[in-house]
Amino acid sequence: MFIDVSNLKKSYTTGVIKTDVLKGIEMKLGKGEIGVILGPSGSGKSTLMNIIGGVDRGDSGKVIVDGIEVNKLNNDELTEYRREDIGFVFQFYNLVPNLTVGENIEVVSNISKSPLKIDEVLEAVEMLDKKHRFPRELSGGEQQRVSIARAIVKNPKLLLCDEPTGALDYQTSRSILKLLRQVNKKYGTTILMITHNGAIAAMANKVFRLRSGEVVDEVVNQVIVPAERIEW
Amino acid sequence: MVLNRRVLRILKENKLRYLGIFMLIILGSYTFIVAAGLSQNLANLVTTFTEEHMQEDLSFSTDRVISDRAELEKEFDVIIEEYMSFDAELSDTLTLRLLSETEKLNIPAVIEGRGLSGSGEILLDPAFAKANGYSVGSQIEMADKTFTVVGFVSLPHYIYPLKNVNDILYSPNDFGVAVINREEFSDIDNVASIYSVRFNDRTQSLNRQAVQFRERLRVEGITVSDWIDIMNNKRARVVWASIIGMKTMSVPLPAAMFLLSCLIIGIMFWRMIRQESVIVGTLYAQGYRRRELTRHYMAIPLLLAFAGGMIGSLLALPSIEPMVMAMISYYNVPVPGIKLSFLNVLIGILTPTIFLGLSSYLVIRSELKRSPAELMKGDKQKTKVNALERAFKLERFKFSTKFKLREQFRSISRLVFLFLGVTSASVLMLFGFTILNSMNHVFNTSDVYQFEYEYAFRDLQFGEAPEGAEAFNAGKFYPENNEGIEFYITGIKSDSRIVTLKDSKGNPIPNNQTNITKALANRLGIKAGDTVTFINKEDGKPYTFHIDAIADSYVEQFIYVPITEFNKKLGLPENSYMGVFSTIKLDIPSEKLSGIKSMSEMPNAMDEFFGQMISMVALMTIVSSIVALIILYLVTSLIIEENRNTISLFKVFGYRRREIKSMILNSSTFVIVAGFILSIPIMAASMGAIYGYLGNMINLVLPTIISPLYVVVCFVVIMLTYQLSKLLCAKRVNEVSMSEALKVGTE
């Protein structure tokens with residue numbers, strides 16, 4: 001399995017109150033697959049994704065990504081893991097405002113060992129013509145495209161998308177989902193996506209439903225619906 | 001690194017903010033290097049001059065010629081040289097003191113023209129020459145002779161050419177010194193002969209050597225008068241007041257301002273980096289290493305600090321020479337050259353670089369200790385309620401007050417930054433005004449003396465004083481175990497109308513008791529009712545006095561006792577006196593006099609002095625206003641930056657622009673008022689310490705007087721600066737769009 005999470009636990013303590021966010025998560029996803037994590041707010045989706053992506057740590061349990069036991073990596077090793085293997089797409093894009101579209105992608109390609117060509121990824125996300133614009137000159141959907149381009153330019157093994165359509169309208173969301181599918185096909189990138197939107201589950205190979213820090217349901221889709229045909 | 005392309009763009013996007021920081025660094029390093037250079041050069045020039053030209057350690061007159069001078073020189077390992085002095089009256093108000101050329105001590109330094117080579121030649125004090133229109137080649141007629149000016153001269157014992165050693169201010173329009181050949185004095189009447197002494201052993205206490213030397217003269221039966229140690233000679237010491245004053249006020253003050261600027265900018269960068277935590281987190285999540293991010297976030301502070309330090313230093317270096325020349329023009333010291341210290345330049349560049357580099361390093365490292373996930377959530381302290389906020393129980397206030405207070409309390413570092421900035425700018429501004437005020441109080445409100453002329457006789461006089469005059473007697477004393485402080489105890493008439501002392505409330509103090517001036521009382525730590533013992537410099541014997549009252553006078557450092565008591569205590573004849581105070585000019589043969597002091601010389605000297613003071617105060621006010629403006633602008637723009645979302649939300653809710661501006665921009669008002677109020681005691685305390693130090697150095701005690709008028713003026717200037725900073729920032733509030741609140745957010 002490309003992603004193998006077992007008995008993953010995580011809790012946060014605020015003052016005297018301890019909150020168990022993840023209560024023994026089990027999850028498996030194959031290489032090149034698209035996985036969707038569904039769940040209401042506070043179910044632990046983002047925490048699970050952050051731990052898989054190496055931006056946070058679990059308290060116990062195992063998280064293995066492409067044979068790397070993520071939970072055992074020290075801070076420097078985690079940085080290297082994120083640097084080479086993981087691409088992130090955020091709900092609010094998190095682009096660097098003072099850098100142009102091209103430079104925002106260059107920020108990541110610069111630190112990768114074998115990055116894709118910047119123009120190639122911009123072409124893939126249909127943003128080549130806006131390469132020299134600043135984020136503030138783009139619409140939300142365009143910013144998310146840049147964010148995806150930034151994530152895939154390093155040719156990551158795993159693309160983690162946290163509510164990639166959460167801030168977008170219906171049409172734009174569909175185009176973004178289509179784009180993610182294309183990336184998955186073109187580069188063979190494994191994608192793990194968080195969403196509130198149940199309809200998006202139709203485009204995934206596997207769907208994980210989280211509730212109160214536990215995987216309450218795991219569905220393998222026999223029929224995968226193309227992104228452009230998804231409706232909600 | 002592509003990330004570094006942001007650096008110039010960030011600077012461009014926040015031009016005014018970074019320009020402010022840049023200016024603060026430039027100002028800090030500039031003032032530090034100039035002040036340090038100024039005091040080092042002044043000290044160097046004066047020390048070099050006094051050492052190379054053999055400044056005397058003491059001088060005195062005698063009742064007869066010292067015949068065994070060579071023997072004394074050998075015995076005490078001293079150099080003794082006698083010189084002549086004669087006060088030539090060029091007009092009713094203009095006196096030129098002619099001194100004979102010396103070879104061993106107080107060697108004249110010709111600073112323009114040439115030295116004396118024959119008779120009829122004269123070297124002039126340059127300030128006197130300038131004030132009275134003499135140049136090299138001019139001719140002066142005096143003492144029935146004609147002299148040709150062949151050059152200008154500096155004298156180690158007349159660096160500040162005061163007519164009388166107890167004067168405070170000098171006016172070249174009334175008095176000057178000149179050097180002529182010794183032979184010229186042979187046909188001038190009533191020439192004074194003065195001995196200069198310098199000890200060769202500089203390792204031993206000069207004071208102790210002086211006491212032994214004086215004792216030896218006494219044993220020989222030589223009566224000395226006008227004994228002046230160099231440490232009590234204002235002509236030589238006043239210049240040190242400027243140097244020490246420079247060192248005391250200028251070096252620590254700009255250094256403190258410099259460090260404060262660095263601290264303020266450090267806090268500023270801290271806030272800015274924290275504000276960028278989402279981007280830091282994103283880059284960190286994308287795989288950027290700590291050191292790469294650290295390097296990137298240190299680029300702007302390091303760039304600004306280095307460039308600012310460099311520009312400040314480069315601007316400062318050429319300013320040192322004209323400033324030294326301007327400062328030294330008040331004194332008569334040759335200036336062979338100005339030395340520029342590259343160590344200071346290095347400090348000026350490295351201090352902001354190290355300080356800002358270190359502070360931004362610590363901030364970014366502490367930020368990077370948080371996980372990328374945490375960083376991406378934004379500023380973790382945003383929602384925290386700190387102790388200060390809790391302590392104030394804000395619930396009881398109305399919304400807008402609560403909002404403003406909360407805005408300040410939420411960020412302690414920003415609060416500290418604003419508070420320190422306003423306090424230091426106010427202290428700097430009040431500093432100048434207080435010095436002006438103290439000087440003004442000392443010189444303009446001093447109405448102790450009601451006489452126009454003071455005549456000092458060579459020998460003790462007996463009987464009644466001439467018509468219109470009052471007799472006085474005086475002796476020089478020092479406290480037991482502290483020969484460094486010298487002062488006069490003066491015997492005056494019990495019913496004197498010429499010396500009118502008042503207490504601190506303005507009530508007259510009778511002259512039939514022992515009174516001490518406030519200046520001397522402060523210096524010696526004496527209170528009314530104390531019984532004190534002082535040593536008479538003439539006979540070395542102790543005398544005890546009971547102090548009845550303290551007179552509110554700062555110009556003079558005197559103890560006044562009734563003349564009958566004075567004479568009795570010192571064993572002098574009952575009706576004897578050494579001088580008279582007179583309201584009119586008296587016709588006393590000049591051979592009987594050792595000196596005349598005219599009060600009419602004071603106004604000229606004061607005008608010159610206050611002219612300089614006012615320029616200094618104006619400069620300090622301008623500099624502190626600029627500092628205050630920069631700090632207030634930085635804080636206000638930071639508040640707007642950190643509240644973009646709130647401002648946007650207020651706009652969405654329907655708040656009017658005026659209401660938003662009032663809540664956001666006016667939130668600092670109470671901090672500014674509090675900072676200003678605190679600056680008053682801080683300034684008073686530091687001023688007291690500085691004046692105390694200066695008092696010991698130059699026999700001048702100044703009171704710390706803070707005029708309510710000047711406090712109001714300073715407050716108005718600070719508040720106007722605040723208004724200006726708000727005006728500059730108002731545009732930024734208007735620029736925040738409503739869509740920001742709707743677009744920007746975190747989960």
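The values are calculated or read from the model by the stated rules, or taken from the named source; none is laboratory data. Bear in mind that the values here come from a model prediction, so they are computed numbers and not experimental data. FYI the Cβ positions are ideal-geometry reconstructions off the backbone, even for glycines, and counts take in every protein chain you see.
A few remarks follow.
- Members of the stretch A:14-50 found to be among the β-branched types (Val, Ile, Thr) and either touching a Lys or Arg at 6+ places or on another chain (Cβ under 9 Å) or within 14 Å of chain B (Cβ to nearest Cβ) (or both), listed by number: A:Thr14, A:Val21, A:Ile25, A:Ile34, A:Val36, A:Ile37, A:Thr47
- Annotation note: of B:Asn507, B:Asn511, the sole residue that is crowded, with 19+ Cβ neighbours inside 10 Å and free of Cβ contacts under 8 Å to residues at least 60 places away in the same chain is B:Asn511.
- Residue under evaluation B:Arg290, criteria (1) at pLDDT below 90; (2) buried (at least 18 other Cβ atoms within 10 Å of the Cβ), criterion not met: (2)
- Some residue of the stretch A:143-160 being away from every other protein chain (no Cβ under 14 Å), within 23 Å of B:Ala373 (Cβ to Cβ) and of a type in the set (A, V, I, L, M, F, W, C): no
- Breaking point among (1) in contact (Cβ under 8 Å) with a residue 12 or more places away in the chain; (2) closer than 22 Å to B:Ser193 by Cα; (3) of a type in the set (A, V, I, L, M), for B:Val136: (2)
- Where helices (runs of 4 or more DSSP H) fall wholly inside the stretch B:302-394, the ranges with 2 or more residues that are surrounded by 21 or more Cβ atoms within 10 Å (Cβ to Cβ) and in contact (Cβ under 8 Å) with a residue 60 or more places away in the chain are B:342-367, B:372-376.
- Within the stretch B:647-659, restricting attention to residues that are in contact (Cβ under 8 Å) with a residue 24 or more places away in the chain and not charged (D, E, K, R), the residue that is surrounded by the fewest Cβ atoms within 10 Å (Cβ to Cβ) is B:Val652.
- Test: residue in the stretch A:182-194 that is within 13 Å of another protein chain (Cβ to nearest Cβ) and among the aliphatic types (A, V, I, L, M): yes
- Selection status of B:Glu56, in contact with a Ser or Thr (Cβ under 6 Å, 6 or more places away or on another chain) and either in a helix (DSSP H, G or I) or not hydrophobic (A, V, I, L, M, F, W, C) (or both): yes
- Single residue of the stretch A:102-142 satisfying the filter (over 21 Å from A:Asn184 (Cα atoms), within 13 Å of chain B (Cβ to nearest Cβ) and touching a Gly at 6+ places or on another chain (Cβ under 7 Å)) that is surrounded by the fewest Cβ atoms within 10 Å (Cβ to Cβ): A:His132
- Any hit, the stretch A:74-91, residues being assigned to a loop (DSSP other than H, G, I, E, B), at the interface with chain B (Cβ under 9 Å from one of its Cβ atoms) and modelled with pLDDT under 90: yes
- Test: B:Gly287 is over 27 Å from B:Leu350 (Cβ atoms), in a helix (DSSP H, G or I) and within 11 Å of chain A (Cβ to nearest Cβ): no
- Search result, residues across the stretch A:81-108 that are among the charged types (D, E, K, R) and under 16 Å from A:Leu160 (Cα atoms): A:Arg82, A:Arg83, A:Glu84, A:Asp85
- Filtered residues of the stretch B:262-284 (kept if more than 7 Å from chain A (Cβ to nearest Cβ), polar (S, T, N, Q) and surrounded by 23 or more Cβ atoms within 10 Å (Cβ to Cβ)): none
- Screening A:Ile200 on (1) more than 10 Å from A:Val36 (Cα to Cα); (2) in contact with a Ser or Thr (Cβ under 8 Å, 6 or more places away or on another chain); (3) not in a strand (DSSP E or B) shows it passes everything except condition (1).
- Taking the listed residues B:Arg17, B:Arg9, B:Arg5, the one that is more than 30 Å from B:Glu321 (Cα to Cα), of a type in the set (Lys, Arg) and either away from chain A (no Cβ under 14 Å) or in contact (Cβ under 8 Å) with a residue 24 or more places away in the chain (or both) is B:Arg17, with no other qualifying.
- Single residue of B:Lys541, B:Lys518, B:Lys527, B:Lys568 found to be of a type outside the set (Phe, Trp, Tyr) and surrounded by 18 or more Cβ atoms within 10 Å (Cβ to Cβ): B:Lys518
- Odd one out for B:Arg64, checked against (1) outside any loop (DSSP other than H, G, I, E, B); (2) more than 14 Å from chain A (Cβ to nearest Cβ); (3) out of contact with any Phe, Trp or Tyr (no Cβ under 7 Å at 6 or more places or on another chain): (1)
- Test: residue in the stretch A:51-65 that is at pLDDT 90 or above, assigned to a loop (DSSP other than H, G, I, E, B), under 29 Å from A:Asn104 (Cβ atoms) and more than 13 Å from chain B (Cβ to nearest Cβ): no
For every residue, the table says whether it meets (1) closer than 17 Å to B:Gly595 by Cβ; (2) outside the structural domain of B:Thr146 (by TED's automatic domain parsing); (3) in contact with a Phe, Trp or Tyr (Cβ under 7 Å, 6 or more places away or on another chain).
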site: B:Phe49; (1), (2), (3): no, yes, no
site: B:Met54; (1), (2), (3): no, yes, no
site: B:Glu75; (1), (2), (3): no, no, no
site: B:Ala88; (1), (2), (3): yes, no, no
site: B:Leu99; (1), (2), (3): yes, no, yes
site: B:Ile107; (1), (2), (3): no, no, no
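- On inspection, B:Ser59 does not qualify as hydroxyl-bearing (Ser, Thr, Tyr) and out of contact with any strand residue (DSSP E or B) (no Cβ under 7 Å at 6 or more places or on another chain).
- Residue tally, condition assigned to a helix (DSSP H, G or I) and either closer than 17 Å to A:Leu159 by Cβ or in contact with a helix residue (DSSP H, G or I) (Cβ under 6 Å, 6 or more places away or on another chain) (or both), over the stretch A:1-47: 2
- Residue in the stretch B:43-51 that is more than 14 Å from chain A (Cβ to nearest Cβ), crowded, with 22+ Cβ neighbours inside 10 Å and not aromatic (Phe, Trp, Tyr) present: yes
- Boolean, B:Phe152 is surrounded by 22 or more Cβ atoms within 10 Å (Cβ to Cβ) and free of Cβ contacts under 8 Å to residues at least 40 places away in the same chain: no
- Of all residues in the stretch B:180-201 being within 27 Å of B:Phe76 (Cβ to Cβ) and in contact with a helix residue (DSSP H, G or I) (Cβ under 6 Å, 6 or more places away or on another chain), the one that is surrounded by the most Cβ atoms within 10 Å (Cβ to Cβ): B:Phe199
- Tally of residues being on the phi > 0 side of the Ramachandran plot and surrounded by 20 or more Cβ atoms within 10 Å (Cβ to Cβ) across the stretch B:90-141: 1
- Residue in the stretch B:163-173 that is in contact with a Ser or Thr (Cβ under 6 Å, 6 or more places away or on another chain) and within 27 Å of B:Asn232 (Cα to Cα) present: no
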